[in-house]
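Below: the structure, in structure tokens.
Just so you know, all these numbers are worked out from the coordinates, no wet-lab data involved. Remember, predicted model here, so these are calculated numbers, not experimental data. Using ideal geometry, Cβ is built from the backbone for each residue, glycine included, and neighbour counts are taken over all protein chains shown.
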Amino acid sequence: MPKMTIAQDIIDTIASVNAFQIFLVLSMLVCWTVVYLTIIIRNHKDKLAVMPWLALSMNISWEFVYTFVIPYPDPKYRLGILFWVLLDGVMFVQTLKYSKEDYNKILPGMEKYYYPVMIGIFLAFFAAVFSTNYQWTTLPDPAGHSAYIMNLMMSFLFITQIFRRPDTIKGISIWVAICKFWGSLAPTILGMIYLPGYYPFPYTLGIITAILDVIYIVLVYKHFKKLGYNPWNRKQIAA
């Protein structure tokens, strides 16, 4: 029997699901792509990293591992993950370039060890992500479980970062906040409706992540208003 191509697998999958399922999957793919592209644009314009380094380290590690090391089990998602890895590479370079001064404010003197520390953090998370696929052998989807855990941690890191930047809107975007919220919630809703009871632990994390993301959206909105800027277009509000 000939091996099924990714394109045929996508066609067969679309034919077997309903419109709401397709909407949720497309929502996830589109929203996360918008998150990455918006981060890249803001990184370039603001010269200040939007995504915390810990969050980016987890993110790029997961997407690199499940693209090149342990290809994601479902082939129809592999092309999307591959595209995200390419965007991750841009964010990786930008964040490493623009975060030195930012993190030196948290840990004075860090500039002396900046690159070894940042690369060391990335390698540590890469090793952790890589090992989960072999450690959680009894789980039906180790990649999915690790993704939910990391996404929850990312939401928390975004919240803590906004408190570290009380006097600027640079490196902060309400569009990133909103798209991350829906891009994360969509697959949770998809699983809870169509695979009830299959992933109770990750779906619980998905709901908690959604709550944290809503909190982050509210914080970003209030942050812009406090500093006198329109959060939707970043223009200063006339007095």
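When the chain is treated as a Gaussian network with alpha carbon springs shorter than 10 Å, the biggest mean-square fluctuation among ILE70, ILE178, ILE193 belongs to ILE193. Helix 53-64 and the long axis of the chain differ in direction by around 20°, with both axes built from C-alpha atoms.
Spin-label model, ASN230 to THR138: label points 7 Å out along the Cα-to-beta-carbon direction sit 5.6 nm apart. The spacing between the range 87-164 and the range 27-65, judged by their C-alpha centroids, is 11 Å.
Springs between Cα atoms under 10 Å define the GNM used for the chain, and in it the highest mean-square fluctuation of MET154, MET58, MET118 occurs at MET118.
What's the local net charge at TRP32, with K and R +1, D and E -1, over the other residues with C-beta under 13 Å away?
On the way: positive: LYS180; negative: GLU63, ASP88, ASP213.
Summing Lys/Arg as +1 and Asp/Glu as -1 gives -2.
Estimated purely from DSSP H runs of n ≥ 4, each contributing -39500 (n - 2.57), the mean residue ellipticity at 222 nm for the chain is -24500 deg cm²/dmol once divided by its residues.
Charge tally around GLU111: other residues with Cβ under 15 Å, Lys/Arg +1 each, Asp/Glu -1 each, net +2. In which sequence would ILE162, ILE189, ILE211, ILE39 go, from the one with the fewest C-beta neighbours within 10 Å to the one with the most? Lowest count first: ILE211, ILE162, ILE189, ILE39.
Bridgeable lysines around LYS100 (alpha carbons under 20 Å apart, same-chain partners fewer than 8 residues away excluded): LYS45, LYS47, LYS112, LYS170.
The chymotrypsin sites (Phe, Trp or Tyr not before Pro) of the range 104-135 that DSSP puts in a loop, and whose beta carbon has at most 14 other beta carbons within 10 Å, are TYR113.
How much length is gained on full extension from HIS44 to TYR113, taking 0.36 nm per residue of separation minus their Cα-Cα distance? So the extension gain works out to 22.4 nm.
Relative contact order for the range 99-239: what is it in percent, counting Cα pairs under 8 Å that are at least 6 residues apart?
Working: 91 pairs, mean separation 33.9, N = 141.
24 percent.
Between helix 174-194 and the chain there is an angle of about 20 degrees, using the helix long axis and the longest principal axis of the Cα atoms. With respect to the chain, whose longest principal axis is taken over its alpha-carbon atoms, helix 200-226 is tilted by about 30°.
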